[in-house]
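The values are calculated or read from the model by the stated rules, or taken from the named source; none is laboratory data. Given the structure is predicted, the values throughout are model-derived calculations rather than measurements. As a convention, Cβ positions derive from the backbone with ideal geometry for all residues, glycine included, and neighbour counts pool all protein chains shown. Heavy atoms of the whole protein, side chains included, go into the accessibility calculation; ligands, DNA and RNA do not. Shrake-Rupley method; radii C 1.70, N 1.55, O 1.52, S 1.80 Å.
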Amino acid sequence: MKWCSVYLKAKFIESAAKYVSALENSAAEFQESWTRFATHFCEDPAKSKPGECFGILSDFFRKITLARE
């Protein structure tokens with residue numbers, strides 16, 4: 001029965017490693033996109049936070065929508 005447990009753990013680790021790798025790739029892709037986006041708006045990507053930036057943009061577009069009404 002012990003071999004079954006070891007086998008299941010190995011399969012889990014193998015499967016999890018694929019997901020972790022995909023997540024790391026997505027994070028790297030996001031970082032590259034964020035760097036280009038922040039640079040385009042003359043922001044320092046290392047000092048600016050995506051959440052703050054997108055919050056400002058969201059607020060801006062919401063106010064434009066309210067102004068049109």
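Computed from the Cβ-Cβ distance with R0 of 30 Å, the FRET efficiency linking Lys9 to Trp34 stands at 0.25. Seen against the Cα atoms of the chain and their longest principal axis, helix 50-68 is set at about 40 degrees. Rounded to the nearest 20, the Cβ-based charge dipole of the chain about its Cα centre (Lys and Arg +1, Asp and Glu -1) stands at 380 debye. Average accessible surface for the chain: 91 Å² per residue, computed with a 1.4 Å probe over protein heavy atoms with every protein chain in place.
For the chain, the 222 nm mean residue ellipticity estimated from helices alone, with every DSSP H stretch of n ≥ 4 adding -39500 (n - 2.57) and the total spread over all residues, rounds to -30500 deg cm²/dmol. Against the chain, whose longest principal axis is taken from its Cα atoms, helix 2-40 shows a tilt of about 20°.
Working note: Cα atoms of segment 11-55, range along each principal axis, descending, whole Å: 46, 17, 14.
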